[in-house]
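Have a look at the structure below, then the notes.
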Amino acid sequence: MEKHTKKEDWIAILTGTFLVAQGVFFLQSASLLTGGTTGLALLVSQFVPLSFGTLYFIANSPFYVLGYIRFGRRFAVNSAISGALVSIFADNLSLFISLDKITPLYCAIAGGLLMGLGMLILFRHQSSLGGFNVLCLFIQDKFGISVGKSQLAIDTIILVTSFFFVSANVVLLSVLGAAALNLVLSMNHKPTRYSVHHR
């Protein structure tokens, strides 16, 4: 398979992180959650005086080390940059856009799909969002289990745990959003396609 150029990689990273941040914006607008470190950051941001972006980058930081060990310097650096961009974009999108009418169901589906598409773009250009994305890529690379399946398992655990902190309606809509996200990954990111390899 022909490798992407550096220019293509950087355009993809900007595009992917922007799409993910848009997805986060939809979820935040309806006070919804999701799985992974994104879900943890969204949940914790409701209880502590720190922005989503700050909590998100802190939660992801340890996983960049795993990315470096398993997939190499390029992947780890790209992932750290991607995580930082999502943090910056997500914390500042409200300066450029606002939602006058919020339909939680739409926000759940749109947020999940946008995040899934953004993550897919990043995966295909030797990057990720850090966090459990790196762990899921490691599982796919090591055991051949698709990213979508392992991500769904982790997301389910996080969302079930959130039952103790938010309403059942919020959790159910959040599960729908997480399912949309993982559907995108499961259908489009197979172990035999665009695998991450140490370079």
Looking at the stretch 136-153, which of its residues are surrounded by 21 or more Cβ atoms within 10 Å (Cβ to Cβ) and of a type outside the set (S, T, N, Q)? CYS136, LEU137, VAL147, GLY148
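Hey, can you tell me all the residues within the stretch 176-199 that are farther than 19 Å from SER146 by Cβ and modelled with pLDDT of 85 or more?
LEU176, GLY177
Per-residue answers, yes or no, for (1) touching a Leu at 6+ places or on another chain (Cβ under 9 Å); (2) surrounded by fewer than 22 Cβ atoms within 10 Å (Cβ to Cβ); (3) not small (Gly, Ala, Ser):
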position	(1), (2), (3)
SER45	yes, yes, no
SER51	no, yes, no
LEU66	yes, yes, yes
ILE88	no, yes, yes
LEU99	no, yes, yes
GLY111	yes, no, no
SER128	yes, no, no
PHE132	no, no, yes
Counting only helices (runs of 4 or more DSSP H) entirely within the stretch 1-106, those with at least 2 residues that are aromatic (Phe, Trp, Tyr) and in contact (Cβ under 8 Å) with a residue 60 or more places away in the chain are 6-29, 52-71, 73-92
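Out of the stretch 30-42, which residues are buried (at least 20 other Cβ atoms within 10 Å of the Cβ) and over 10 Å from the mean Cα position of the chain (by Cα)?
Correct list: ALA30, LEU32, LEU33, LEU40, ALA41, LEU42.
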Residues that are buried (at least 21 other Cβ atoms within 10 Å of the Cβ) and more than 17 Å from THR37 (Cα to Cα), drawn from the stretch 154-179: LEU173
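The values are calculated or read from the model by the stated rules, or taken from the named source; none is laboratory data. No experiment lies behind these values; they were computed from the predicted model shown. Please note: Cβ atoms are built from the backbone with ideal geometry, for glycine as well, and neighbour counts cover all protein chains shown.
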